[in-house]
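Report on the structure given below.
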Amino acid sequence: MPADDLEFEQMLTEFEARHSPEGLLERYARQRPAYFWFRQVFALGGAAVLFLTGHPQAGLLALGTLVFGDLVDCAFLSTVPRKLAKGVPHKQLYWLTTLTALIQSLTSLALIILPTALGSPSATLAFTMAFIAGAGVNASYLLSFHPAATIVRLATLFASGIGILAYVVWQRHISHEAQLYSFFAFFMILFLIYTFLQYSRRGFAHKTKSARRLLEQSRKLALANKVLHEQESEVRRLALVAQHANDSVFVSDSSGRILWVNNAFTRLTGYSAREAIGAFPAALLNGPATDAATNNAIISAIKAGKPLRTEILNTCKDGSTIWVDTNQVPVLAADGSVEMFIAIERDVSARKKHAKELAAAKRSAEEGERTKAQFLATMSHEIRTPMNGIIGMADLLRDAGLSKEQRSYVETIRYSAEALMRIINDILDFSKLDAGKSIICPVDFDLLGCVESALSILRPKALEKEIFVDLNCHTPLPALLHGDDGRIRQIIINIVGNAIKFTRAGGVTIDLSCTTTAAGHTVTLAVTDTGIGIPADRIDQIFDQFSQADGEITRQYGGTGLGLTISRILAHEMNGDITIRSRLGEGSTFTITLMLDHALADAAQSPSKSPKTDAVKAVKLPGVKALVAEDNMTNQLLMKSYLKDTEMNVLFAGNGHEAVRLARRHAPRVIFMDMSMPGMDGLSATRKIRADTSITQPTIVALTANVYASDKAACLSAGMDGFLSKPLKRAELMGWLNQI
Ligand code: ADP
C-alpha cells in the first residue's frame with residue numbers, strides 16, 4: 001500500500017501515461033517484438049509444409065519473405081520507445097509503424113499465395129483459412145494499442161481471403177458445394193475475428209477502467225486509513241493526557257454511572273478504577289456533610305444533559321473530606337442525545353480553607369473597625385464635653401471684668417484648649433479617613449462665602465504677624481455649588497494656616513478660579529506664600545502622616561504633621577488633589593483642585609442654613625422661649641450664661657422625654673438638642689416633636705459632641721434644622737439665634 005497521497009499521485013500519472021496515445025504506441029512497440037519468435041514458429045511450420053509437399057524453394061522463399069517482413073516491422077518498432085523519449089512526434093511514429101505493419105502483413109501473404117499457387121487449391125484452402133484466422137486473431141489482439149496497424153493487417157488478410165476465394169471459384173478447382181462451404185467458412189472466420197476484435201476492445205476498455213477505479217479507490221482507502229491512523233494517535237494521546245492529568249477525570253454514561261477514571265481520581269479519592277467503575281459518583285463520594293442542594297443541581301444537570309461547574313464536599317475512601325471544584329460536561333452524539341459525561345475535578349480544599357480564614361479575618365477586622373469607630377466616637381464625645389466646659393467658661397471669664405494679667409491667663413487657657421481641640425479633631429478625622437470611611441457630606445453652598453469665612457478665621461493671625469493675605473478671583477464664580485463646604489473650609493484653613501504659620505515676612509496670595517462643564521465645576525485654589533519653603537528632598541514626604549519638613553519645625557512652629565495628610569485625602573474624596581511647588585527660603589505654592597457638582601437648588605434659593613460666625617454680639621430676643629436639652633450640668637450652665645444677655649426665656653431638659661414634654665407644654669421658638677442623652681436621645685426626641693402636629697414647630701439645632709458627617713446627616717434626617725458641634729462657640733450660637 002503506497003504510503004501517502006504523493007505516491008498515489010505518481011501512480012495515477014504513470015497509469016495515465018501508459019494509457020495515453022504515446023503510452024499505447026510504446027506498449028505496442030514492445031509487445032510485437034516480444035512475440036517475434038512465437039510468430040516465426042508458425043512461419044516455419046508453413047514453410048515446412050511447402051517443403052514436405054515438394055516445394056522446398058517455395059518453402060524457403062515463403063519463410064524468408066515472412067521473416068523479412070516481420071523483421072522490418074520489429075526492427076523499426078524496437079526503436080520507437082527511444083524515439084518517443086527523444087520527442088519524435090507521436091503522429092509521425094504512428095503512421096510509420098502502420099506502414100511497417102502493412103509491410104509485415106503483405107509479406108505474410110506469401111504463406112497464402114505460394115501454397116495456393118503451387119498446390120491444389122482444394123487441398124490448401126483449409127490451410128489458407130486457418131492462416132487468415134490465426135493471423136487475424138493475432139492482429140486483433142493489439143487493436144487497442146495500435147488500431148491503424150490492426151486495421152491494415154486485417155484489411156490485407158480480408159483482401160487476400162477474398163482474392164483466394166475468387167480465384168478458386170474462377171478456376172473452378174472445387175465443387176460448387178465446396179465453394180459454398182468455403183464462403184461460409186470465410187465469413188465464419190470474419191465473424192470470429194470481428195467477435196474477437198470486440199472482445200479485445202471491450203476487454204481492454206474494461207480493464208483500463210477497472211484499473212483506474214481500483215487505483216482511485218486504493219487512494220481513497222489509503223487516505224481514510226491515514227485519517228483513521230491520525231485519529232487513533234490523537235485518541236491515544238488524549239487518553240494518555242487524561243490518564244496522567246493532575247486533575248481527577250472520570251467519564252460517566254448518560255445516566256451518570258462511572259465508566260472510566262484516571263490515576264488522579266484514585267489519588268484524590270482513594271477509590272481504585274475497579275471500585276469506581278459502575279458506581280454513581282454521589283453514592284461513592286457524598287458524605288453526610290455534602291450539600292444536598294449542590295448534589296441535586298448536579299443530578300438535574302445530568303438529567304437535562306447540561307454542563308455544570310460547582311464546588312462540592314466529597315468524602316474519600318479513608319473517611320477524610322475534601323472540597324472539589326467539579327466541571328461536568330456532556331458529550332453529545334451525532335443525533336444530539338447525550339452519549340456520556342466528562343467530569344474534571346480539582347481539590348480546592350486549601351483554597352476553601354484560606355477563603356474561610358480570610359472571611360473570619362475580615363469579620364474580625366470589621367469587628368475591630370467597629371470597636372475602633374465606637375471607641376473614637378466615645379472618645380470624641382467624652383473629650384469634647386469637658387472641653388466645651390473649659391472653652392465656654394474661659395470665654396465667660398474673659399468678659400467678667402478681669403485685670404490685664406488675669407485676662408492673659410484666661411486667653412492662654414482658651415488658646416491651649418483650642419490647640420488641644422485641633423489636635424483631637426485631626427486625629428479623629430485621620431482615624432476615620434484611614435478606616436476608608438467617607439466623611440463628605442455635600443450640600444449646596446456659596447464657594448466665595450466659604451473661602452472668605454475660612455480666611456476670616458485666619459486673618460487675625462496674619463495681622464498679628466504683619467503679613468498680608470490676598471484673595472484674587474480669576475473667573476466668575478457660580479452662585480451655588482454642591483459639595484461639603486465644612487471640609488473645603490477645613491482644607492483651606494489648613495493650607496492657608498500653614499502658609500501664614502511658615503511665613504515671617506511678605507504674605508499669602510490665594511488665587512481662586514472655577515471652570516464649569518456639563519459634568520460639574522473644577523475649582524482651583526493656588527495658595528502662594530513667601531515663607532520658608534520646603535527642601536526639595538522633603539516635598540514627596542510632606543503628605544505622609546505625622547510628617548514635617550524637619551524636627552526643628554516641630555520645636556519652632558508646633559503641629560502634628562497630620563493636616564496635609566487629611567487635606568489631601570479630603571481632596572481625593574472630592575475627586576481632586578493637592579500639589580506643591582516650593583523653593584527653600586523663597587516660598588511655596590500649594591494648588592488645591594476640587595471637582596464639585598452642580599448645585600441641586602437654583603441660586604435664587606438659599607443654601608443650607610449655616611450659622612453666621614461673625615455675629616459675636618449678643619442677640620436680644622426678650623421673652624422668646626428657648627429650650628436647651630442637655631444632660632451635662634456644666635454645659636447647661638454654659639448655655640445659661642451664653643443666653644443670659646439675649647433676655648430669652650430659657651428652659652432646660654435633662655433628657656429626651658423631658659424635652660418632648662416641655663416642647664408640648666411651652667412651645668419654644670428654638671430648641672438646642674444634645675444628641676446623646678440618657679433615656680431618650682436627641683434624635684428620637686426630635687422625631688417625636690416633628691411628628692406631633694399639636695406643637696407649633698420650633699427651630700431645632702443639634703448641640704453635640706458627635707462631630708462626624710454621619711452624625712450631621714442623622715440629625716438632619718431626624719428633622720433638625722442645623723448642627724452646632726461642641727465645644728460650642730458663642731459666635732456660632734449667636735449666629736443661629738440671628739436666624740430664628
Ligand atoms: P503640621 O501640623 O505640622 O503643620 P501639616 O501636615 O499641615 O502638619 O504640614 C506638614 C509639614 O509640611 C509641616 O510641618 C511643614 O514642615 C511643611 N509645610 C506645610 N506647609 C508649608 C508651607 N506653606 N511652607 C513651608 N513648609 C510647609
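Structure values in brief
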| item | result |
| --- | --- |
| Residues of segment 363-374 classified as among the basic types (Lys, Arg) and surrounded by 11 or more Cβ atoms within 10 Å (Cβ to Cβ), total | 2 |
| Subset tally (residues that are more than 24 Å from the chain's Cα centre (by Cα) and outside any strand (DSSP E or B)) for segment 340-354 | 5 |
| Among the candidates LYS688, LYS729, residue that is of a type in the set (Lys, Arg), under 60 Å from the mean Cα position of the chain (by Cα) and modelled with pLDDT under 85 | LYS729 |
| Single residue of segment 482-505 satisfying the filter (more than 15 Å from GLU573 (Cβ to Cβ) and not β-branched (Val, Ile, Thr)) that is farthest from the ligand (Cβ to nearest atom) | ALA505 |
| Close pairs (6 angstrom Cβ cut-off, 6 or more residues apart or separate chains): among the polar types (S, T, N, Q) in segment 679-704, in a helix (DSSP H, G or I) anywhere | SER684/GLY656; THR686/ALA718 |
| Those residues of segment 705-740 which are of a type in the set (Phe, Trp, Tyr) and without any contact (Cβ under 8 Å) to a residue 60 or more places away in the chain, in sequence order | PHE723 |
| Any strands (runs of 3 or more DSSP E) falling wholly within segment 621-740 and containing at least 1 residues that are under 26 Å from ALA454 (Cα atoms) | 670-673, 699-704, 722-725 |
| 3 or more residues among the small types (Gly, Ala, Ser) and under 20 Å from PRO147 (Cβ atoms): qualifying helices (runs of 4 or more DSSP H) within segment 21-95 | 21-34 |
| Among residues of segment 279-337, those that are over 19 Å from THR266 (Cα atoms) and among the polar types (S, T, N, Q), counted | 7 |
| Residues that are at pLDDT 75 or above and either under 20 Å from LEU458 (Cα atoms) or more than 8 Å from the ligand (Cβ to nearest atom) (or both), drawn from segment 534-560 | PRO535, ALA536, ASP537, ILE539, ASP540, GLN541, ASP544 |
| Pairs, first more than 12 Å from ALA685 (Cβ to Cβ) and among the hydroxyl-bearing types (Ser, Thr, Tyr) in segment 624-635, second at pLDDT 90 or above and part of a strand (DSSP E or B), C-beta under 8 Å, six or more apart | none |
| Matching entry among PHE38, PHE15 (being among the aromatic types (Phe, Trp, Tyr), at pLDDT below 95 and within 22 Å of LEU93 (Cβ to Cβ)) | PHE15 |
| Enumeration of residues in segment 663-693 that are out of contact with any helix residue (DSSP H, G or I) (no Cβ under 7 Å at 6 or more places or on another chain) and either surrounded by fewer than 20 Cβ atoms within 10 Å (Cβ to Cβ) or aromatic (Phe, Trp, Tyr) (or both) | ARG664, ARG665, HIS666, ALA667, ARG669, PRO678, ARG690, ALA691, THR693 |
| Complete set of residues in segment 511-527 that are surrounded by fewer than 20 Cβ atoms within 10 Å (Cβ to Cβ) and within 16 Å of the ligand (Cβ to nearest atom) | ASP511, ALA526 |
| THR565 being at pLDDT below 90, closer than 27 Å to ILE424 by Cα, buried (at least 21 other Cβ atoms within 10 Å of the Cβ) and hydroxyl-bearing (Ser, Thr, Tyr) | yes |
| Residue match in segment 271-285 (condition: within 31 Å of the chain's Cα centre (by Cα) and more than 12 Å from GLU345 (Cβ to Cβ)) | no |
| Residue check for ILE390: crowded, with 16+ Cβ neighbours inside 10 Å, in contact (Cβ under 8 Å) with a residue 24 or more places away in the chain and assigned to a helix (DSSP H, G or I) | yes |
| Subset of segment 117-157 [among the aromatic types (Phe, Trp, Tyr) and at pLDDT below 90] | PHE127, PHE131, TYR141 |
| Where a residue in segment 93-121 is without any contact (Cβ under 8 Å) to a residue 24 or more places away in the chain and its partner, wherever it lies, is aromatic (Phe, Trp, Tyr), with Cβ under 7 Å and at least six apart | LEU96/PHE76 |
| Hits in segment 332-374 - residues which are touching a Phe, Trp or Tyr at 6+ places or on another chain (Cβ under 8 Å) and of a type in the set (Ser, Thr, Tyr) | SER349 |
| Test for ALA185: is it touching a residue at least 40 places away in the same chain (Cβ under 8 Å) and either part of a helix (DSSP H, G or I) or surrounded by 11 or more Cβ atoms within 10 Å (Cβ to Cβ) (or both) | yes |
| Criterion (over 50 Å from the mean Cα position of the chain (by Cα) and part of a helix (DSSP H, G or I)) met by exactly one of VAL469, VAL496, VAL410, VAL451 | VAL410 |
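Here is a yes/no grid of residues against (1) farther than 22 Å from LEU111 by Cα; (2) surrounded by fewer than 13 Cβ atoms within 10 Å (Cβ to Cβ):
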{"site": "GLY163", "(1), (2)": "no, no"}
{"site": "ALA166", "(1), (2)": "no, yes"}
{"site": "GLN171", "(1), (2)": "no, yes"}
{"site": "GLU177", "(1), (2)": "yes, yes"}
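Table: residues versus (1) at pLDDT below 75; (2) in contact with a His (Cβ under 6 Å, 6 or more places away or on another chain); (3) buried (at least 16 other Cβ atoms within 10 Å of the Cβ); (4) not hydrophobic (A, V, I, L, M, F, W, C).
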site: ARG351; (1), (2), (3), (4): no, no, no, yes
site: ALA359; (1), (2), (3), (4): no, no, no, no
site: SER408; (1), (2), (3), (4): no, no, no, yes
site: ARG414; (1), (2), (3), (4): no, no, yes, yes
site: ILE423; (1), (2), (3), (4): no, no, no, no
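To keep it simple, each residue is scored yes or no on (1) out of contact with any helix residue (DSSP H, G or I) (no Cβ under 6 Å at 6 or more places or on another chain); (2) within 11 Å of the ligand (Cβ to nearest atom); (3) farther than 12 Å from ASN494 by Cα.
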| site | (1), (2), (3) |
| --- | --- |
| LEU562 | no, yes, no |
| ILE569 | no, no, yes |
| HIS572 | yes, no, yes |
| GLY576 | yes, no, yes |
| THR579 | yes, no, yes |
| ARG583 | yes, yes, yes |
| GLU586 | yes, yes, yes |
| THR591 | yes, no, yes |
| ALA601 | yes, no, yes |
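The values are calculated or read from the model by the stated rules, or taken from the named source; none is laboratory data. Bear in mind that the values here come from a model prediction, so they are computed numbers and not experimental data. Positions of Cβ are backbone-derived with ideal geometry, glycine not excepted, and every protein chain shown enters the neighbour counts.
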